Amino acid sequence: DQQVKQNSPSLSVQEGRISILNCDYTNSMFDYFLWYKKYPAEGPTFLISISSIKDKNEDGRFTVFLNKSAKHLSLHIVPSQPGDSAVYFCAASQETSGSRLTFGEGTQLTVNP
Amino acid sequence: GAGVSQTPSNKVTEKGKYVELRCDPISGHTALYWYRQSLGQGPEFLIYFQGTGAADDSGLPNDRFFAVRPEGSVSTLKIQRTERGDSAVYLCASRQGPQETQYFGPGTRLLVL
């Protein structure tokens, strides 16, 4: 079963506007959530994370929101830049299980100049 | 500082052959993870090492797959009797300790003909 889902395979936004990427999960035992960015032929690069005890974490242009009751998190990028174009993966983990990451399928973000 | 490195970057082999994929984690990182990413999917967990021991190998798909980390640093993922379905990008990640972020290498692209 897919415990972490990203329902939008792609998203296109204009430079300067906000990008919102969404992620849903089913396992209520997950206690740590991360977003990774991936360029072609490279490994995933860590972007931002949030613990289940928080509902928001901000780092520069990137903000992650967590809604535990809805089992939903989102990544906001504002303002979006062409260099943000990449595949974004949502991931979740459970510290008591060694923090193996469970990933979503990814969302291809394209920021148009 | 140096990140996670993986060799080879690309590997082409024939069905039935044996392959070894190597991962050099970030110096001092005690935990090491292997993931596999198929086309259009997110990375999937294979195995996790804490020090020299495999703490969780529940993601290995079958007994053709095996991994070692004899000195608690470099790890080798070994695949016997390769099949075309083994073709994927094999990713390695490491982290320093509990509640720390996993950092990924660039991956090894394995193609089984």
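The values are calculated or read from the model by the stated rules, or taken from the named source; none is laboratory data. Predicted model only: the values in this text are computed from it and were never measured. Because the Cβ atoms are built from the backbone with ideal geometry, glycine has one as well, and the counts that use them run over all protein chains shown.
Side notes on the structure shown:
- One residue stands out among those in the range B:15-74 that are more than 13 Å from every other protein chain (Cβ to nearest Cβ) and aromatic (Phe, Trp, Tyr): the one that is farthest from A:Arg100 (Cα to Cα), which is B:Tyr18.
- Of all residues in the range B:80-107, exactly one satisfies the criterion of being more than 17 Å from B:Gly42 (Cβ to Cβ) and buried (at least 23 other Cβ atoms within 10 Å of the Cβ), namely B:Ser94.
- Among the residues of the range A:40-53, the one identified as more than 10 Å from chain B (Cβ to nearest Cβ), surrounded by 13 or more Cβ atoms within 10 Å (Cβ to Cβ) and in a loop (DSSP other than H, G, I, E, B) is A:Ser52.
- Any strands (runs of 3 or more DSSP E) falling wholly within the range B:34-113 and containing at least 1 residues that are at pLDDT 95 or above: B:44-50, B:65-68, B:75-79, B:88-95, B:108-112
- Residues of the range A:74-99 classified as closer than 14 Å to A:Tyr25 by Cβ, at pLDDT below 95 and either in a helix (DSSP H, G or I) or not small (Gly, Ala, Ser) (or both), total: 1
- Scanning the range A:69-95 for residues that are without any contact (Cβ under 8 Å) to a residue 60 or more places away in the chain, more than 20 Å from B:Gln41 (Cα to Cα) and surrounded by fewer than 16 Cβ atoms within 10 Å (Cβ to Cβ) gives A:Ser69, A:Ala70, A:Gly83.
- Residue in the range A:20-38 that is modelled with pLDDT under 95 and farther than 30 Å from B:Ser58 by Cα present: no
- Boolean, B:Leu110 is without any contact (Cβ under 8 Å) to a residue 40 or more places away in the chain, under 22 Å from A:Phe89 (Cα atoms) and of a type in the set (A, V, I, L, M, F, W, C): no
- Test result for A:Asp1, within 14 Å of another protein chain (Cβ to nearest Cβ), touching a residue at least 24 places away in the same chain (Cβ under 8 Å) and assigned to a loop (DSSP other than H, G, I, E, B): yes
- Matching residues in the range A:87-113 - criterion: being over 12 Å from the mean Cα position of the chain (by Cα) and more than 9 Å from chain B (Cβ to nearest Cβ): A:Gln94, A:Thr96, A:Thr110, A:Val111, A:Asn112, A:Pro113
- Residues within the range A:8-38 that are within 13 Å of another protein chain (Cβ to nearest Cβ) and loosely packed, with under 13 Cβ neighbours inside 10 Å, tallied: 2
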